[in-house]
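Okay, so here's the structure we're looking at.
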Amino acid sequence: MISVLINGICGQMGRAVYAAIQAQSGAFSAVAGVDPFDCSASYSCPVYKSLDEVQEKADVIIDFSVPATTPDILRYALEQKIPVVIGTTGLGERELKLIRSASDAIPVFQTGNMSLGVNLQLELVQLAAATLGGNFDVEIIETHHRKKVDSPSGTALMLANAIASISPEDEEFVFGRHEKNKRRSDREIGIHSVRGGTVVGEHQVQFIGNDEIIEVSHRAFSKAVFAQGALRAAKFLVAKESGLYNMKNVVTEHDAASRLFSLDEQAAVIIRSFAKEDAFASRVFDVIAEHGVFVDMIACSEPDEQSLSIGFSLNESSLSEALNAINELTRNGYGYTIRTRGDLTKLTLEGTGMALQHGVASQLFSTLRKENIHIWLITTSETRIEFCVDTVHAVRAADAIRQRFSIG
Ligand SMILES: NC(=O)c1ccc[n+]([C@@H]2O[C@H](COP(=O)([O-])OP(=O)(O)OC[C@H]3O[C@@H](n4cnc5c(N)ncnc54)[C@H](O)[C@@H]3O)[C@@H](O)[C@H]2O)c1
């Protein structure tokens, strides 16, 4: 059971968070609320005028209030050493700086849009923009209720920024086209606002090409989606170490590392050349290729004045042929030392969310360090980490990694 302190409990979002907690009363409980407005009659938990009056201990704070409160919330969270979820928007550089600094000591979650759907939409529009390239024109249309005063919405800007961030060119944001009597350029993202009725929030991103349109849309039907997102963020945060997190971390958490494969009968070769010799690395792989040997993972150190190290893995059955090949370098006058290691298992940790999360390699290293398991060779790409361990330790290594990353 996660106990929550709701800051801004009398507001629309505070009410929605309280209602979401009541609906999931087995998993969450609202221990107290804070709001200068008096609405205590509507709640079964105590409602205080300020954080300093709060008596109850909470596991996490959820804040939907006003930016002026951010410094107080962070001070309180730091004093109490509890994580904080900040949903309040309109934060300035001062508040964002305080958030970054507090996240050195406690887990802090901050996003301008708590909806999981919108955060997935951010991923999808980047995928669409990367796939479609510059051949499609991008137009964003956002619709909100008649009481909304600011435009465009912060989310429309988040969507435009997400698309612009992966474009090789500088994109120009064009807000509406009233009195713009010129043709659309290739490098613009059009952003348009519609206001009316009770629409909670609608964001439509159009990729318009010749004879076809692709749309990535999100519609929120109630504030409950933001409250649900805040609870999901709170659940994510209470299990985390200090740091700054956002919805992307939540969306991608489970697939940061989702599969683990193992391959036995591997060997590693580590060669250290004596002199700085730019051609050495290419000569090593030339002779190996000439002998028809397949190599797998390759790691190479930056050459310094004295030496250069090259490591690679290969199937154990090819080891003697690879060593014969490398011997040819001695005959050609190259000086080097060579170390080999057999009886290795290659483990491959894979997850599509790895590209979006930092710290996966650090978690892997610390897991194996706790088990006293040595990594012989390691290479990484955006979505996989491959490494060799002694086969005698491979099952223990795999079990520890599966447990660390909750891989079934
Ligand atoms: N991140 C998201 O997904 C998301 C979604 C919806 C709203 N929001 C943001 O959340 C914030 C609140 O939205 P809302 O619709 O509930 O607004 P609201 O005006 O209905 O509620 C704000 C509440 O904060 C209270 N408040 C003011 N000063 C306070 C203080 N010092 N301490 C505690 N409470 C205080 C007010 O009395 C009010 O009850 C806004 O910034 C809004 O833009 C974010």
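The values are calculated or read from the model by the stated rules, or taken from the named source; none is laboratory data. If you're wondering where the values come from, they're calculated on a predicted model, not measured in any experiment. We place every Cβ from the backbone using ideal geometry, glycine too, and count neighbours over all the protein chains shown. Quick note on the areas: whole protein, heavy atoms, side chains included, nothing else; ligands and nucleic acids left out. Shrake-Rupley method; radii C 1.70, N 1.55, O 1.52, S 1.80 Å.
Structure above, values below:
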quantity: Leading residue by the ranking (farthest from Arg15 (Cα to Cα)) among those in segment 196-234 that are small (Gly, Ala, Ser) and more than 16 Å from the ligand (Cβ to nearest atom); calculated: Gly209
quantity: Segment 30-45 - residue that is among the aliphatic types (A, V, I, L, M) and more than 7 Å from the ligand (Cβ to nearest atom) and, of those, surrounded by the fewest Cβ atoms within 10 Å (Cβ to Cβ); calculated: Ala41
quantity: Members of segment 46-105 found to be assigned to a helix (DSSP H, G or I) and within 9 Å of the ligand (Cβ to nearest atom), listed by number; calculated: Leu51, Pro67, Ala68, Thr69, Asp72, Ile73
quantity: Near pairs, Cβ below 8 angstrom, 6+ apart or cross-chain, from segment 153-173 (in the same structural domain as Gln206 (by TED's automatic domain parsing) and open to solvent by less than 60 Å² (accessible area, probe 1.4 Å)) to any residue that is polar (S, T, N, Q) and part of a helix (DSSP H, G or I); calculated: Leu159/Gln121; Ala162/Gln126; Ile163/Gln126
quantity: Residue satisfying condition, being surrounded by fewer than 20 Cβ atoms within 10 Å (Cβ to Cβ), more than 29 Å from Val66 (Cα to Cα), at pLDDT below 90 and touching a Pro at 6+ places or on another chain (Cβ under 9 Å), within set Gly90, Gly134; calculated: Gly134
quantity: Test: residue in segment 376-393 that is basic (Lys, Arg), over 30 Å from Asn119 (Cβ atoms) and open to solvent by 80 Å² or more (accessible area, probe 1.4 Å); calculated: no
quantity: Some residue of segment 322-329 being farther than 13 Å from Cys388 by Cα, within 35 Å of the chain's Cα centre (by Cα) and open to solvent by less than 70 Å² (accessible area, probe 1.4 Å); calculated: no
quantity: Residue in segment 66-79 that is at pLDDT below 95 and touching a Leu at 6+ places or on another chain (Cβ under 6 Å) present; calculated: yes
quantity: Number of the exception - Leu237 against (1) within 14 Å of the ligand (Cβ to nearest atom); (2) farther than 23 Å from Glu350 by Cβ; calculated: (1)
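Here is a yes/no grid of residues against (1) of a type in the set (A, V, I, L, M); (2) closer than 21 Å to Asp35 by Cβ:
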{"position": "Phe64", "(1), (2)": "no, yes"}
{"position": "Thr70", "(1), (2)": "no, yes"}
{"position": "Ile73", "(1), (2)": "yes, yes"}
{"position": "Glu93", "(1), (2)": "no, no"}
{"position": "Ser103", "(1), (2)": "no, no"}
{"position": "Ile106", "(1), (2)": "yes, no"}
{"position": "Ser115", "(1), (2)": "no, no"}
{"position": "Leu120", "(1), (2)": "yes, no"}
{"position": "Ile140", "(1), (2)": "yes, no"}
